Amino acid sequence: MDYLTKKELEAFLKQINIRTKNGYKHYVIIALLYESGMRVSELINLRVDHLYFIGNSPYIKILGKGNKERIVYLNEDIVSMVTEYQSKFNIQSGYVFRNNSKKQLTRFSINKIVSKYHNLAKKECPTLERKTISPHSFRHSKAVHLLMNNTALPILQRFLGHASIQTTEIYLDITNDEVKKNVTSVASLIDIKEDSNAVWQGDEKLIELLERLSQ
């Protein structure tokens, strides 16, 4: 399965127009899929009473495979975004994410959202042309990024909700390949420059929050 680099993830998020209500909802969905490492089924079944945002250690309670619960702590930025989303859509109880008819979002709906922005992001980030990106790719990407940041396997196993650490060990092969790729292609990075022309749409406070989240 393909995963997104930080640069690709940033290009993906930049395609979402957060000035619209649905655009803001889409951004929160993608950001939460990545930040929490949730499966799609876990996201669409997330309920308001699974959000514990009071106190210094905000977290969500996720009901995973086999009805096993796990806790995932979130940073303040994503908590602020989810809280703002709840306010915009008046989500006070029941499922957190709903369609325009106020019914629970489906796996198909999430796939459609991801596909839309993947197609847009390909124009800005050519490496995305060669990748198959699905909602699960954000969970996959988070796992790879955590391992690259030297997160211990048992911690990653708990974060992802894997029943067996052998499942988590699959990511070791991915990160080893990535290390080899980076070491052998250092020279090609010399000419890479960040795009300074990209501009977020929305108020300044929200722009600052979103920029921190995508780092």
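The values are calculated or read from the model by the stated rules, or taken from the named source; none is laboratory data. Here the structure is a predicted model, which means the values were calculated and not measured. Positions of Cβ are backbone-derived with ideal geometry, glycine not excepted, and every protein chain shown enters the neighbour counts.
At a glance:
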read-out: Test for Leu74: is it over 30 Å from Pro126 (Cβ atoms) and in contact with a Pro (Cβ under 9 Å, 6 or more places away or on another chain); value: yes
read-out: Unique residue being at negative phi, among the aromatic types (Phe, Trp, Tyr), surrounded by 14 or more Cβ atoms within 10 Å (Cβ to Cβ) and outside any helix (DSSP H, G or I) when the list is Tyr34, Tyr3, Tyr85; value: Tyr3
read-out: Restricting the range 91-126 to residues that are among the basic types (Lys, Arg) and on the phi < 0 side of the Ramachandran plot, the residue that is surrounded by the most Cβ atoms within 10 Å (Cβ to Cβ); value: Lys122
read-out: All positions within the range 127-150 that are farther than 14 Å from Asp2 by Cβ and loosely packed, with under 14 Cβ neighbours inside 10 Å; value: Asn149, Asn150
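Residue-wise test of (1) modelled with pLDDT under 50; (2) in a helix (DSSP H, G or I).
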{"site": "Leu147", "(1), (2)": "no, yes"}
{"site": "His162", "(1), (2)": "no, no"}
{"site": "Thr168", "(1), (2)": "no, yes"}
{"site": "Lys193", "(1), (2)": "yes, no"}
{"site": "Ala198", "(1), (2)": "yes, no"}
